[in-house]
Amino acid sequence: MAIHRQRLPDDAVLIIGAGLAGLYLALNLKPRKAVVLAAKPVSEGAASAWAQGGVAAALAAGDSPQAHAADTVRVGAGLVDPAIAQLIAEDGPGLVRNLASLGVPFDRDAAGEFVLSREAAHSAARVARVSGDLAGKSIMEVLVARAKAADWIELAEGKALDLLTDGNGEIAGVLAATEDGLTEFTTGEVVIASGGVGGLYAVTTNPPSSRGDGLAMAARAGAVIGEAEFVQFHPTAMDIGRDPAPLATEALRGDGALLVDADGARLVDHAEGELAPRDIVARAVHRAKAAGRQPYLDARHAIGEAFPDRFPTVFSACMSAGIDPRRDLIPVAPAAHYHMGGVRADAQGAASLPGLSVCGEAACTGAHGGNRLASNSLLEAIVFARRIAERLKDSDVVSRTAQSAEAPPRLPRADLAQLREAMARHAGVERTASGLAGLLDEISAMEARTGGANPLIAARLIAASALMREESRGAHARADHPETHAEARRSAMTLAEARNAAARAA
């Protein structure tokens, strides 16, 4: 197949992904040109639009960035970088106000102050929402409109397949599938803002396209991947047989909804109850379901008749499944929701390869550690989007010559279904060495049959990192290693090391 070659202007920054991270970064890049590459039209497909909770920030009187950072560190199972936690907490209030100034209609009270909700493991109400559960959708509508109107931003449709290098380990562009076929976009600065890995799992709240492409592309180029084993499972995905599973936002539990079985018995035995850290709640729901006790979310008394107005997205999903949450229990199950790991990035969002930055869920900045604090994801995305933009605006323009590359193979639909089931079974809420080793063997067999498709590479990184961490910490639970080591150790791995993981563990 012929490959089209398009050299971008020397000052152009090529951004892979048109979610919150990618668009906010592009909007802040002026006067540098931003080319935003998205697999679907810019108004579709981004996981950011599915975010129901909101943006966490210390906006209330009596709250502080120090308290927010302390909660972030406390929840992160010993793996959060305290300096990064403080950084995002300090930048948060100003950036939420900036989003509001752009037109995001955050909920306000009669005095014009932000209406804030409390979510799991926060010591205060600090989540800025829009119409209860429409934060992601509303933020994205505003950013898409702003991006379309910005004369320094070009919106390009195409699916990124691989990174281009200059032959010396420096990033020089992107190979993408476009309407013209394969296209090589050559440029000196690439930013991965392509989202997470939830689509690698049989049960997920993420769009199907979230299959770790950014993770795989960066790893194939030689980038360091951090904390890949830490996948956050949301405890209250609606268990109604849909793919992806509709999310019942944590804000429901923040407003008093309870997790129960069919007999009304509570499922979470923890001092903070339903607002315990997500890993604890997810394991409680997972174990109940594994024991044959169908988990439910009971919002009948806490929300009741106010459900349609306070949580319109969840209400609509329930009603479409024949569930009236004002009167019925909502069946729930844990679902792959957010990747705390990703491409290792420093405090300025730079990856380990020259010419490559990473932002949003695809990044591992040290902000989330082993267990993300609720609604810190959108916060981290905007903080690092702004930081990357500021760094690139002040950096010298670099021109590189890209070496041609071949497109990685596509994973056949049957193999993808097999991979998703295997990931859910062996790299899910609870894991074992034998299960993870078997998963790696299964991935190797698929690679031998179909080649090194991006989903297989991303899955290998997760499974190999999980196999190497022989303890239970945060969202990573090993049934064969239930203890937590005294020393908290951050993990880092290249693709070459991931391929040798089974032998190293043995």
Report task. Among residues belonging to segment 429-462 that are farther than 23 Å from residue 194 by Cβ and not in a helix (DSSP H, G or I), point out the one that is nearest to the chain's Cα centre (by Cα). Result -> 429
Query - Odd one out for residue 353, checked against (1) surrounded by fewer than 24 Cβ atoms within 10 Å (Cβ to Cβ); (2) in the same structural domain as residue 302 (by TED's automatic domain parsing) - result: (2)
Query - Of all residues in segment 381-427 being in a loop (DSSP other than H, G, I, E, B), in contact with a strand residue (DSSP E or B) (Cβ under 9 Å, 6 or more places away or on another chain) and among the hydrophobic types (A, V, I, L, M, F, W, C), the one that is surrounded by the most Cβ atoms within 10 Å (Cβ to Cβ) - result: 427
Report task. Read through the list (1) surrounded by fewer than 24 Cβ atoms within 10 Å (Cβ to Cβ); (2) among the acidic types (Asp, Glu); (3) within 24 Å of residue 301 (Cα to Cα); (4) under 25 Å from the mean Cα position of the chain (by Cα), then give the number of the only condition that residue 243 fails. Result -> (3)
Query raised in the report: Within the bounds of segment 146-158, is there any residue that is over 30 Å from residue 5 (Cβ atoms) and assigned to a strand (DSSP E or B)?
Result: no
Query raised in the report: Does any residue of segment 220-239 turn out to be part of a loop (DSSP other than H, G, I, E, B), out of contact with any helix residue (DSSP H, G or I) (no Cβ under 8 Å at 6 or more places or on another chain) and free of Cβ contacts under 8 Å to residues at least 60 places away in the same chain?
Result: no
Query raised in the report: For segment 320-337, what are the residues that are part of a strand (DSSP E or B) and either surrounded by fewer than 24 Cβ atoms within 10 Å (Cβ to Cβ) or of a type in the set (D, E, K, R) (or both)?
Result: 331, 333
Report task. Go through segment 354-374 and give me each residue that's under 21 Å from residue 192 (Cα atoms) and either out of contact with any helix residue (DSSP H, G or I) (no Cβ under 6 Å at 6 or more places or on another chain) or among the charged types (D, E, K, R) (or both). Result -> 354, 355, 356, 358, 361, 363, 364, 368, 369, 372
Query raised in the report: Take the residues of segment 179-197 that are aliphatic (A, V, I, L, M) and not in a strand (DSSP E or B): which is surrounded by the most Cβ atoms within 10 Å (Cβ to Cβ)?
Result: 193
Report task. Please determine, by comparing only the residues of segment 264-288 that are among the basic types (Lys, Arg) and within 22 Å of residue 336 (Cβ to Cβ), which one is modelled with the lowest pLDDT. Result -> 278
Requested in this report: Could you tell me whether segment 94-109 includes any residue that is of a type in the set (A, V, I, L, M), touching a strand residue (DSSP E or B) at 6+ places or on another chain (Cβ under 7 Å), surrounded by 15 or more Cβ atoms within 10 Å (Cβ to Cβ) and under 25 Å from residue 248 (Cβ atoms)?
Outcome: yes
Query raised in the report: Which of (1) hydrophobic (A, V, I, L, M, F, W, C); (2) at pLDDT 95 or above; (3) out of contact with any Lys or Arg (no Cβ under 7 Å at 6 or more places or on another chain); (4) more than 24 Å from residue 23 (Cβ to Cβ) does residue 61 not meet, given it meets every other one?
Result: (2)
Query - Condition check for residue 245: aliphatic (A, V, I, L, M), in contact with an Asp or Glu (Cβ under 8 Å, 6 or more places away or on another chain) and either without any contact (Cβ under 8 Å) to a residue 24 or more places away in the chain or not assigned by TED's automatic domain parsing to the domain that holds residue 440 (or both) - result: yes
Report task. Go through segment 24-55 and give me each residue that's buried (at least 24 other Cβ atoms within 10 Å of the Cβ), at pLDDT below 95 and in contact with a strand residue (DSSP E or B) (Cβ under 8 Å, 6 or more places away or on another chain). Result -> 38, 46, 52, 53, 54, 55
Requested in this report: Mind telling me which of the residues 271, 317, 288 ends up being in a helix (DSSP H, G or I) and free of Cβ contacts under 8 Å to residues at least 60 places away in the same chain?
Outcome: 288
Report summary line: Here the residues within segment 86-109 that are outside any helix (DSSP H, G or I) and either at pLDDT 95 or above or on the phi > 0 side of the Ramachandran plot (or both) are 103
Report task. Take the residues in segment 110-145 that are within 22 Å of the chain's Cα centre (by Cα) and part of a strand (DSSP E or B), then tell me which one is farthest from residue 379 (Cα to Cα). Result -> 117
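The values are calculated or read from the model by the stated rules, or taken from the named source; none is laboratory data. Remember, predicted model here, so these are calculated numbers, not experimental data. When we count neighbours, we look across all protein chains shown, and the Cβ atoms used for this are built from the backbone with ideal geometry, even at glycine.
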